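S.K.: Here you go, one structure.
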Amino acid sequence: MRNLSDQEIIDSVRKGNESDYSIIINRYKNKAFSMLKRMLKNEFDAEEVLQDCFLKAYNSLNSFKGEAKFSTWFYRIVYNSALTKLSSQKRKIETEMTSVEDHFDLESNYNADEIEKKDINELVHKIINKLPEKYSAIITMFYLNEMSIEEISEVMQITVSNVKVMLHRSRNSLRDLVLNSRLAEELI
Amino acid sequence: MIQITDEILNKYLDGELSREEAEQVKSGLSTSEELQKKYNALKLIHEKLFDMKEDEVSPAFTDKIMNQIVSRKFAIPKQQKYFIVSIATFITLLCLVIFGFVISAIISSAPSSIGESKSVLDSVSNLTDGLVTTLKHLFSGSGLSIIGSIFSLLIIISGYFFFEMQKRAKANLSNGQHL
């Protein structure tokens with residue numbers, strides 16, 4: 001049962017085998033949670049929003065036509081729910097263009113001593129949590145969920161080139177942070 | 001010769017450059033130590049990001065959602081609950097009014113000596129006679145038309161609520177399809 005495709009599971013749920021939906025939940029819960037946690041910067045909110053996302057997806061399964069991949073459709077629900085949550089928290093939500101033009105300074109969030117004490121894996125993990133919401137969403141979808149740039153652009157409803165710009169900018173910021181630390185001498 | 005910027009390095013890393021451009025970047029990297037260092041750091045970050053671990057939700061997460069799905073399936077919708085409660089209230093009030101009317105009619109038609117000089121059996125018999133007389137009066141002539149009117153009103157109100165419920169259910173269905 002666990003090797004079934006998303007579409008086959010959805011068809012089974014639609015036929016009335018609602019317990020099969022738990023396979024979909026188990027398949028996506030941790031990946032979607034990782035994305036939400038990095039976007040919302042809060043574990044409790046992330047789990048609460050994710051719960052709503054799975055219920056929303058379940059209630060809308062009949063409207064899922066299967067034209068896009070289920071994962072793309074589902075991550076779109078997750079991404080939009082995160083933005084809604086952030087806007088309800090009255091946090092700044094950038095428009096597509098302003099987010100691309102936006103600059104963020106990761107180095108100001110970390111001092112040299114703190115960087116030197118950490119190993120590279122821990123450092124990367126911590127820094128991603130400091131990225132602005134949309135950037136951390138892209139990093140998570142690209143590296144953790146292994147989604148293509150085209151799928152990410154579909155989820156975020158922005159152009160492919162904007163996704164690339166944001167991805168490159170995130171990588172460059174992480175790289176600069178590593179280059180300016182003593183870790184660079186040991187690792188590179 | 002292309003200028004090797006951060007953007008070009010990222011594209012080189014992602015394999016998005018043409019063969020000619022890639023060759024130029026490769027030779028640029030072999031001649032510039034600074035550029036090589038930048039590229040190596042970028043590559044390191046790229047690899048470390050692929051090693052990123054998933055965060056885990058709480059252990060009961062899946063069960064929690066499945067329970068909600070099952071409980072929602074069997075739960076009476078809010079709109080339907082209001083409908084049932086309002087109809088039940090209306091019927092209860094109607095019964096109380098009819099019951100009150102019957103009791104007052106019995107009491108007014110019964111002889112004043114009840115409970116004073118006659119036996120309990122006579123009192124029960126008087127009450128039964130009174131009840132039969134009142135019901136006969138209620139379901140004949142003008143009484144019947146009053147009861148008919150009340151039930152018609154009840155049917156109209158029920159129909160209205162049922163129509164509203166159907167309308168909302170249709171609206172909810174079409175909202176879900178837009179997601």
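S.K.: Out of residues 5 or more away from B:Asp55 or on other chains, whose amide H comes under 5 Å of its own, with H placed 1.01 Å from N in the peptide plane?
M.R.: A:Ser34
S.K.: Below 8 Å, C-alpha to C-alpha, sequence gap of six or more: please give me the relative contact order for region A:1-68 in percent.
M.R.: Here the relative contact order equals 27 percent.
S.K.: Tell me, what HN-Hα J-couplings in whole Hz come from the Karplus equation 6.51 cos²θ - 1.76 cosθ + 1.60 at θ = phi - 60° for each residue of region A:146-154, using x for Gly and Pro?
M.R.: 6, 8, 6, 4, 5, 5, 5, 5, 5
S.K.: Still on this model: Given the pairs B:Lys81/B:Lys167; A:Lys65/B:Lys53; A:Lys37/A:Lys130; A:Lys37/A:Lys126, which span a C-alpha to C-alpha distance of over 21 angstrom in this model? Numbers along the way, then the final one.
M.R.: Details: B:Lys81/B:Lys167 16 Å; A:Lys65/B:Lys53 32 Å; A:Lys37/A:Lys130 11 Å; A:Lys37/A:Lys126 12 Å.
Table pairs above 21 Å Cα-Cα are A:Lys65/B:Lys53.
S.K.: Determine ³J(HN,Hα), in whole Hz, for all residues of region A:38-55 in sequence, where each value follows from phi through the Karplus function 6.51 cos²θ - 1.76 cosθ + 1.60 and θ = phi - 60°; x replaces Gly and Pro.
M.R.: 6, 6, 8, 6, 7, 5, 5, 4, 4, 5, 5, 5, 4, 4, 4, 5, 5, 5
S.K.: Gap in Å between the Cα centre of region B:124-169 and the Cα centre of region B:1-80?
M.R.: Rounded to whole Å, the Cα centres lie 71 Å apart.
S.K.: Ok, one more. Can you work out ³J(HN,Hα) from phi for every residue in region A:16-31, in order, using Karplus 6.51 cos²θ - 1.76 cosθ + 1.60 and θ = phi - 60°, giving whole Hz and x for Gly and Pro?
M.R.: x, 7, 5, 5, 5, 4, 5, 5, 4, 4, 5, 6, 10, 4, 6, 5
No lab work stands behind these numbers, since they all come straight from the coordinates. Fair warning: this is a prediction, and the values are worked out from it, not measured in the lab.
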